[in-house]
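**Q** Before anything else, here's the structure in question.
The values are calculated or read from the model by the stated rules, or taken from the named source; none is laboratory data. Since the structure is predicted, the reported quantities are computational estimates derived from the model, not experimental observations. Methodologically, a virtual Cβ is constructed for each residue, glycine included, from the backbone with ideal geometry; neighbour enumeration extends over all protein chains shown. Accessible surface areas use protein heavy atoms only, side chains included; no ligands, DNA or RNA. Shrake-Rupley method; radii C 1.70, N 1.55, O 1.52, S 1.80 Å.
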Amino acid sequence: MSIWFIEDETPGYKLHWKVNRVLYQKQTPYQYLEVMDLEDFGRALVLDGAVQITEKDEFIYNEMISHIPMLTHPNPKKVLIIGGGDGGAAREVLKYEEVEEVQLVEIDEEVVKAVREFFPQLADVFDDPRFRLIVDDGIEFVKSKEEEYDVIIVDSSDPVGPAVNLFDHPFYNDCFKALKQDGILNVQSESPFFNQDIIKKVTGILSGLFKHVDTYLACIPTYPSGLWSFTMASKAYRYSDVRLERATGINTRYFTPDIFHACFKLPRFVHDLIGK
Ligand code: SAM
């Protein structure tokens with residue numbers, strides 16, 4: 001008999017994953033955490049019934065949320081990641097020699113413990129001397145920060161539970177203040193098919209705060225609809241002015257310099273959605 005894990009997206013759309021083995025289940029103070037071995041995607045971290053990362057395709061999401069802002073900023077030395085307890089975004093950010101410090105603020109220590117135990121290839125990053133883990137609510141953490149970071153990456157789960165307010169004006173305003181004069185904020189902004197209200201809201205709020213706001217896309221098989229959006233907000237630098245020499249020698253599997261420019265070319269319905 002086979003076991004299937006079913007991820008509910010809408011009343012009319014569910015993803016079915018064949019499970020070889022459930023490796024871990026725990027109710028944490030914040031969410032229901034599971035680690036499963038999936039037939040086609042390898043080990044998966046699941047929070048409140050939503051797949052966060054799988055061994056097979058985590059590289060796509062983590063490269064795309066990280067390299068676009070890291071290259072748009074010409075010299076990012078201090079980077080803050082909010083969420084991202086799986087360590088994948090931090091791994092990508094630490095590929096840049098100029099980075100002196102990466103702070104990762106994860107609300108749920110149990111996520112980090114599970115990654116250490118079940119995803120050793122991701123957990124390496126937690127021992128990098130430039131990496132600092134802070135277990136805290138990212139919303140509270142940024143409130144007291146001023147002009148401290150070159151890049152902030154919001155690698156959050158979906159806007160439910162502890163992540164709800166990571167998609168709202170007060171938090172983005174605090175991120176704006178926490179960034180240096182030429183800082184860049186990059187957020188995962190959900191699916192252009194299923195979460196159009198989120199993309200519109202995020203774009204609207206960030207456009208009221210930052211000089212440049214741009215949406216880009218990546219194909220991520222694991223996430224509902226496969227098409228995923230990121231919204232990058234910059235105080236000074238524009239992605240279209242970037243020279244990509246710094247990408248040379250950075251080892252990636254999805255990202256390439258061509259992808260850097262291509263990912264900002266949006267299908268018409270996404271253009272219409274964000275009003276560009
Ligand atoms: N790539 C994933 C995705 O889009 O599905 C998200 C990766 S990561 C696992 C998301 C993390 O954000 C979770 O570990 C969750 O605990 C964390 N998180 C949610 N709300 C948070 C908050 N307010 N402050 C800090 N971390 C938060």
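**Q** Exposed loop GluC sites (Glu not before Pro) only (DSSP loop, at most 15 other Cβ atoms within 10 Å): please give the longest stretch of the chain free of them, not including the sites. Please list the in-between numbers first.
**A** On the way: sites that count: E39, E97, E98, E100, E146, E147.
Between the exposed loop sites, the longest stretch runs 148-276.
**Q** Counting only C-alpha contacts under 8 Å and six or more residues apart, can you give the relative contact order of the chain as a whole percent?
**A** So the answer I get is 16 percent.
**Q** Okay, next question. If one takes the longest principal axis of the Cα atoms in the chain, at what angle in degrees, from 0 to 90 and to the nearest 10, does the Cα axis of helix 109-118 lie?
**A** The helix 109-118 is inclined about 60 degrees to the chain.
**Q** Can you pull the semi-axes for the stretch 204-276, root of five times each eigenvalue of the Cα gyration tensor, sorted largest first, whole Å?
**A** Values: eigenvalues 91, 72, 21 Å².
Working from the Cα gyration tensor, I get semi-axes of 21, 19, 10 Å.
**Q** Okay, moving on. Grab the alpha carbons of the stretch 117-276, take their convex hull, and tell me the volume per residue in Å³. Numbers along the way, then the final one.
**A** Working: hull volume 23.9 nm³, N = 160.
For the stretch 117-276, the hull spanned by Cα atoms encloses 149 Å³ per residue.
**Q** Pop a pseudo-label 7 angstrom from the Cα along the beta-carbon direction at both D182 and Q25 and give the gap in nm to one decimal.
**A** 5.2
**Q** Using a probe of 1.4 angstrom, how much of the accessible area of the stretch 21-84 is carbon and sulfur, in percent? Numbers along the way, then the final one.
**A** Numbers: 920 of 2090 Å².
In the stretch 21-84, the share of accessible area belonging to carbon and sulfur is 44 percent.
**Q** Please get the size of the charge dipole for the chain, origin at its Cα centre, with Cβ charges of +1 on Lys and Arg and -1 on Asp and Glu, quoted in debye to the nearest 20. All intermediate terms of the calculation are to be shown ahead of the outcome.
**A** Values: 29 positive and 45 negative charges, 159 e Å.
Here the chain has a charge dipole of around 760 debye.
**Q** To two decimal places, what compactness ratio does the chain give when its Cα radius of gyration is scaled by 2.2 N^0.38 Å? List each step's numbers first, then the result.
**A** Values: Rg = 17.6 Å, N = 276, 2.2 N^0.38 = 18.6 Å.
Its radius of gyration relative to the 2.2 N^0.38 Å reference: 0.95.
**Q** How much area per residue is accessible in the chain when the probe is 1.4 Å and only protein heavy atoms are counted (Å²)? Each step should come with its number before you reach the end.
**A** Values: 11910 Å² over 276 residues.
Normalised by residue count, the accessible surface of the chain is 43 Å².
**Q** Now for a different question. Can you give the convex hull volume of the alpha carbon atoms of the stretch 99-205 per residue, in Å³? If you can, show how the numbers build up before the last one.
**A** On the way: hull volume 13.0 nm³, N = 107.
In the stretch 99-205, the Cα convex hull volume per residue is 122 Å³.
**Q** Taking each pair of distinct Cα atoms in the stretch 3-54 once, what is the resulting Kirkwood hydrodynamic radius in Å? Mind showing how you got there, number by number?
**A** Details: mean 1/r = 0.0892 Å⁻¹.
So the Kirkwood estimate lands at 11.2 Å.
**Q** Continuing with the same structure: In nm², what is the average projected area of the convex hull enclosing the Cα atoms of the stretch 11-111? Spell out each step's value before the answer.
**A** Working: hull surface 30.9 nm².
With the hull built on Cα positions only, its mean projection is 7.7 nm².
**Q** Once you have the Kirkwood Rh of the stretch 68-162 from its Cα pairs, apply Stokes-Einstein at 20 °C and 1.002 mPa s and quote D in µm²/s.
**A** Numbers: Rh = 13.6 Å.
Translational diffusion coefficient: 158 µm²/s.
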